[in-house]
Amino acid sequence: MTAPDGPLLIFAGAGSGKTRVLTHRIAYVLATRDVRPHEICAVTFTNKAAREMRGRIEVLLGGTTSGMWIGTFHALGARMLRRDGAAIGIPSGYSIYDEADRAAALRRAMQAEGIDDKRFPANKVVHIISAAKNELLDAHAYAAKHAGETYEGTVARAFIAYEAEMRAADALDFDDLLVRTVQLLRESDGVREDYQTRFRHLFVDEYQDTNLAQYVLVKLLTERHRNLTVVGDDDQAVFGWRGADVRNILSFRHDYPDAKVVTLEQNYRSTQVILDAAHAVIRQNSERADKKLWTDRGGGELVRLISVYDEQEEALAVCGEIEMLIGREGFSLSDCAVLYRTNAQSRAFEDVLLRRGIPYRLVGGLRFYERREVKDVLAYLRLIANPRDSVSFGRVVNVPRRKIGDRTVAELERLARRKRISPFEAVRAMDDSAEITPAARAALADFGRIIDDLRDLSERMPLPQFLDRVLDDTGYERALRDGTPENEERWANVTELIGLASEYGDVPPPQGLTQFLENVALVADVDTLDDAANGVTLITLHQVKGLEFPVVFLAGMEEGLLPHIRALEEGDAGIAEERRLTYVGLTRAQRRLYVLHAFRRHLYGSQHLAEASRFLADLPAEVLDIVRRPGAAVPSPPRAPGAVRQAVHAHAVRPNPVELAPQRYREGDRIAHPKLGEGSILKSTMTRSGEEVVIKFDNAGMKIFAVADSAIYSVID
């Protein structure tokens, strides 16, 4: 906190109070240096973290943070581009496209180029484009890099067409908010010098999650004063899949040889038992800064290891433990969180929680801003703010229905492309197209007048009143308030949006509309988490970063899930990131930690045998309480090498209350099946319902069978 000016790296372990250190450092700089608030820029990765940071600084300063730039990287870029983007041809009224809008724009571009969307699915191409942008490659640079490559060459064509589509719509995607900001600072000497002079101190939270664009942006902004404070933890670097590079924090001392380095190892969140379990997992990673968390809260409840038969039993076990914790130990529903690797894992938990009447909060499901009616209203507002926004135009031109069919819209878009104008501008040039019927022309002209009138109103009417007019003039409110239960629920979502817009009532027009649209576009799933709501939290490991809960259930600790199958295919680097992800999950727990493993799981459309995660084998036996079930053959306590893994498997395969037939097959047995032919036994397991075998047939591939009372496979001697 009291370090001198210059580069400062703070390695802040999980729960070590990094936000407190960062905010106190900012307050200290303001109190002891000749620095004014508007010369401070603090950057983090979520709006939730930015709000918390701002609130803490205001308490420390005893006043407002007015003038200080505090926000996410994307918000920082959006603000700079609004102010100065014209220097590189970006208008201040640009639209920000979310994932769905970006995919829609790409499909339009690929269709215009005649690119087959079956061979080149838009969702796949958009990820390739995003990865290229994270490496600061534009479409032409990507094309040059992959010259002569067939598949990548077609992607390059789509990339070039997509960028043209976005320019024509005056739109930017999330990646552009970073890439274009870097471009602005590199190409405009005046703008770069202005920001380098303005920001005398730059503070970056979660530095381990920066990608190349963010890394370069930080370097550009700090070239003059070199007062850069970064806080992060390489052990919590879990976003490599979206371009984050953990080397940015590990190489900080190479980038800034005069940097002062501080390591925070005291944890204020978890018990020592939880910290020991987490350290046992993360220390297996070879490339990491050496640190071990400790707490003055010694001891703590052992980590409970629960092995179950399948995902249904997993959900039942979790619900049973939650009910016990609430009934006997005084925990609340909101104290409990269920963490998992993939969104699909939430289904079983939702089913059981609903059946038992237990309230829950699902983070990462269908976001509020992704609901159809919410996106409709926002599309109207975006089109009013930016008439060149072709995706928004296409979404609402016939919503509610105005007898403007898909063929009419397609013809209008073709006309727009011929004239190099936007579809909305083409509404005024329909005389050139004989393909649009008189009735459709009249409907389009009426739509155009509505939008033009609302554009005029947006310049002089505060946002809350203006939104009411939009809903009325477009007929959207009348269409939803028709008395049907479905539309009643949809209208409730619109009224929620109206409530959010009311917060901008004091912002003068049209800035209120612009700020509202920008803030809505930058909202992340975790930003909408209601801390006051009472319910069990269901959340993925990636989204839970930065949160903490008294009780954590880490579900699905199995090979192929955690570590994920894609990570297994990537090799050591992929495994290392999954290990960090596991570490993040373990360190979210304050008082109680449960880890769960299933013997079999329904994945990718079918049932699969599940093998215990390799990360479970890293857990020391002395921190574990392996939950026993009747008849479970579990060592007590497991001390020998590999005993934890053996215990997991022994516990998963619980004897059936009914006496089972003896095991008939062994690994390596050659068998003959009357229909599938010969094969080899890869695995034979005694389950609660009998013997289950995995067979690799010579000609029919791999199959899983439950063996009946009378064997249908004959063993070949």
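The values are calculated or read from the model by the stated rules, or taken from the named source; none is laboratory data. As the structure is a prediction and not an experimental result, all values here were calculated from the model. Ideal geometry is used to build each Cβ from the backbone, glycine not excepted, and the neighbour counts take in all protein chains shown. Surface accessibility is based on the protein's heavy atoms, side chains included, excluding ligands, DNA and RNA. Shrake-Rupley method; radii C 1.70, N 1.55, O 1.52, S 1.80 Å.
Just to be sure I understand the model, the point goes 7 Å from the Cα along the line to the Cβ. What's the resulting residue 407 to residue 435 distance in nm?
The modelled label-to-label distance comes out at 1.1 nm.
Taking Cα pairs under 8 Å and at least six residues apart, what relative contact order does the range 1-124 come out at, in percent? Show your work: numbers first, answer last.
Details: 86 pairs, mean separation 21.2, N = 124.
Over the range 1-124, the number comes to 17 percent.
Using just the helices of the chain, give the 222 nm mean residue ellipticity in deg cm²/dmol: DSSP H runs with n ≥ 4 each add -39,500 (n - 2.57), and the total is spread over all residues, rounded to 500.
Values: 27 runs with 314 residues, N = 717.
Computed mean residue ellipticity for the chain: -13500 deg cm²/dmol.
Loop only per DSSP, at most 16 neighbouring Cβ atoms within 10 Å: give me the GluC sites (Glu not before Pro) in the range 183-263, ordered by residue number.
Details: sites: 187, 193, 206, 223; in loops: 206, 223.
Answer in residue order: 223.
Per-residue accessible area for residue 61 at 1.4 Å probe radius, Å² rounded to 10?
70 Å²
I need the calculated FRET efficiency for the pair residue 611 and residue 130, taking r as the beta carbon distance and R₀ as 41 Å, to the nearest 0.05. Display every interim value, and only then the final one.
Details: r = 33 Å, r/R0 = 0.80.
About 0.80, to the nearest 0.05.
Pop out the carbon and sulfur fraction of the accessible area of the chain as a percent, whole number, probe 1.4 Å.
Values: 15410 of 31780 Å².
Carbon and sulfur atoms account for 48 percent of the accessible area of the chain.
Please work out how much length the chain gains when fully extended from residue 226 to residue 66, using 0.36 nm per residue of separation minus the C-alpha to C-alpha distance, in nm with one decimal.
Details: separation 160, 0.36 × 160 = 57.60 nm, distance 2.34 nm.
So the chain would gain 55.3 nm between residue 226 and residue 66.
State, as an integer percentage, the relative contact order of the chain based on alpha-carbon contacts under 8 Å between residues 6 or more apart. Walk me through the numbers before you get to the answer.
Values: 1189 pairs, mean separation 105.1, N = 717.
Computed value for the chain: 15 percent relative contact order.
Just want to confirm a number: the relative contact order over the range 95-169, from Cα pairs under 8 angstrom separated by 6+ residues, in percent.
On the way: 51 pairs, mean separation 31.1, N = 75.
Once normalised by length, the contact order is 41 percent.
So which of 124/683; 124/545; 292/545; 118/545 end up more than 30 Å apart by C-alpha?
Check vs 30 Å cut-off fails for 124/683; 118/545.
May I ask you to order 123-129, 305-311 by the average number of other C-beta atoms within 10 Å around their residues, highest value first? Please list the in-between numbers first.
On the way: 123-129: 16.9, 305-311: 23.4.
In decreasing order of mean packing, 123-129, 305-311 become 305-311, 123-129.
I need the phi-derived Karplus couplings for the range 381-394: 6.51 cos²θ - 1.76 cosθ + 1.60, θ = phi - 60°, integer Hz, Gly and Pro marked x.
Each residue of the range 381-394 in turn: 5, 5, 5, 5, 6, 9, x, 7, 6, 5, 5, 5, 4, x Hz.
Can you give me the distance in nm between label points at residue 453 and residue 265, each placed 7 Å from the Cα along the Cα-to-Cβ direction?
7.1 nm
Please report, in debye to the nearest 20, how large the charge dipole of the chain is about its Cα centre when each Lys and Arg carries +1 at its beta carbon and each Asp and Glu carries -1 there. List each step's numbers first, then the result.
Working: 95 positive and 105 negative charges, 78 e Å.
So the magnitude is around 380 debye.
Any idea how far apart residue 118 and residue 284 come out in nm if each label point goes 7 Å out from Cα toward Cβ?
With each label point 7 Å from Cα toward Cβ, the separation is 4.4 nm.
Over 25 Å between C-alpha atoms is what I'm after, so list which of 133/291; 48/375; 675/696 land there. Intermediate results must be reported in sequence, preceding the final value.
Details: 133/291 34 Å; 48/375 22 Å; 675/696 14 Å.
Long pairs (Cα-Cα over 25 Å): 133/291.
Among (1) 0.97; (2) 1.03; (3) 1.00, only one was calculated for this model; which label is it, if the read-out is Rg/Rh (Cα atoms, Kirkwood Rh)?
Matching the structure shown: (3).
Looking at 519, 509, 404, which one has the Cα that reaches farthest to the positive end of the dipole of the range 368-527 (charges on Cβ: Lys, Arg +1; Asp, Glu -1)?
The residue sitting farthest along the positive end of the dipole is 404.
Which trypsin sites (Lys or Arg not before Pro) in the range 246-298 sit in a loop by DSSP (not H, G, I, E or B) and have at most 16 other Cβ atoms within 10 Å of their own Cβ? Could the numbers behind the result be given before it?
Values: sites: 247, 253, 260, 269, 283, 288, 291, 292, 297; in loops: 269, 283, 288, 291, 292, 297.
Those satisfying the criteria are 283, 292.
Mind running the shape call on the range 95-169? Use the C-alpha gyration tensor, a ≥ b ≥ c as the square roots of the eigenvalues: rounded below 1.5 for a/c, prolate if a/b tops b/c, oblate otherwise.
Details: a/c = 1.58, a/b = 1.20, b/c = 1.31.
Oblate, since a/c reaches 1.5 and b/c is not below a/b.
Accessible area per residue for the chain in Å², computed with a 1.4 Å probe and the full protein assembly in place, what is it?
Values: 31780 Å² over 717 residues.
It amounts to 44 Å² per residue over the chain.
Just to be sure I understand: of the beta bridges DSSP finds with both ends in the chain, what percent are antiparallel, rounded to 5?
Numbers: 26 of 75 bridges.
Rounded to the nearest five, the antiparallel share is 35 percent.
Using Cα positions and a limit of under 17 Å, work out the aspartates and glutamates in reach of residue 419, with same-chain residues fewer than 8 apart set aside.
Those aspartates and glutamates meeting the cut-off are 113, 165, 170, 389, 411, 431, 432, 435.
Just in the range 440-537: which trypsin sites (Lys or Arg not before Pro) are loop by DSSP and have at most 10 other Cβ atoms within 10 Å? If you can, show how the numbers build up before the last one.
On the way: sites: 441, 449, 455, 460, 469, 478, 481, 490; in loops: 460, 481.
Answer in residue order: 460.
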